[in-house]
Structure formats: structure tokens, C-alpha cells
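Below: the structure, in C-alpha cells.
The values are calculated or read from the model by the stated rules, or taken from the named source; none is laboratory data. For clarity, every value in this text was computed on a predicted model and none was experimentally measured. Neighbour counts run over all protein chains shown; Cβ positions are idealised from the backbone, glycine included. Protein only, heavy atoms only, side chains kept; ligands, DNA and RNA dropped before computing areas. Shrake-Rupley method; radii C 1.70, N 1.55, O 1.52, S 1.80 Å.
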Amino acid sequence: MKVEEAVYHINVHRRKMDLTPVSINQRPSFSAPGKTTIEVKIGDTVANKSVSWGPIAAFLKGMLLAFEEKPAFIAAIGIESPYKGKRKIDWR
């Protein structure tokens, strides 16, 4: 599952419950110059942030789990990084 799909499915459930939708935001990192910080926002509040997609994917997976009637099903879902296979390796 792509990040956009995960956010879409989360927001479908959140709209049914009349909750604020979730969004993904990217900005330059303040603590790690040259890197990008990825933020999961609920309205104007930052719910989670990281400079890598791993923690973001785990957070979104947890949000999906909250709406799933069969929790064992969620273990089979993998949320892919949007940059999977496109990352340049810095050998320095």
C-alpha cells in the first residue's frame, strides 16, 4: 500500500466519525541540515514527524489498525516509501 492510499483509507474512516482528516507534509529539517522532515498532521497539529519513512509508515499502520475489525489483517499490510528504489546512496 502506498502512503497516499493509507492516508486516504484513514481519512475515509475519520470522516465517518466526523474527525479532522490526516495529511502528510514535508519540510526542510531544522535538526538535520540537508534532510527533509516528514510530518503527519491532523488539522494544524503535528501528530508524528521523522526524517525517514519507517516511523511514519508504522504510525500510519497503527492508525489503520484502530479502524480494523480484524487486527491480524493489518500485519499483512505494508506501507511503501514513496521513494522506494529511487534513493541515492551517499558513499561518503
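Among the listed residues 47, 57, identify the single one that is among the small types (Gly, Ala, Ser), open to solvent by 40 Å² or more (accessible area, probe 1.4 Å) and either in contact (Cβ under 8 Å) with a residue 12 or more places away in the chain or out of contact with any strand residue (DSSP E or B) (no Cβ under 8 Å at 6 or more places or on another chain) (or both). Break it down into steps so the answer makes sense when it comes.
Details: 57 fails: open to solvent by 40 Å² or more (accessible area, probe 1.4 Å).
Of 47, 57, the one residue that is among the small types (Gly, Ala, Ser), open to solvent by 40 Å² or more (accessible area, probe 1.4 Å) and either in contact (Cβ under 8 Å) with a residue 12 or more places away in the chain or out of contact with any strand residue (DSSP E or B) (no Cβ under 8 Å at 6 or more places or on another chain) (or both) is 47.
Would you mention how many residues in region 18-44 are open to solvent by less than 30 Å² (accessible area, probe 1.4 Å), of a type in the set (A, V, I, L, M, F, W, C) and not in a loop (DSSP other than H, G, I, E, B)? Show your work before the answer.
Taking region 18-44 and keeping what is open to solvent by less than 30 Å² (accessible area, probe 1.4 Å), we get 22, 29, 32, 37-40.
The next check asks that each one be of a type in the set (A, V, I, L, M, F, W, C); those that pass are 22, 32, 38, 40.
Now narrow it down to the ones that are not in a loop (DSSP other than H, G, I, E, B): 22, 38, 40.
Final tally of qualifying residues: 3.
Name the residue, out of 15, 92, that is among the basic types (Lys, Arg), open to solvent by 80 Å² or more (accessible area, probe 1.4 Å) and modelled with pLDDT of 90 or more.
Working: 92 fails: modelled with pLDDT of 90 or more.
Every option except 15 fails the conditions.
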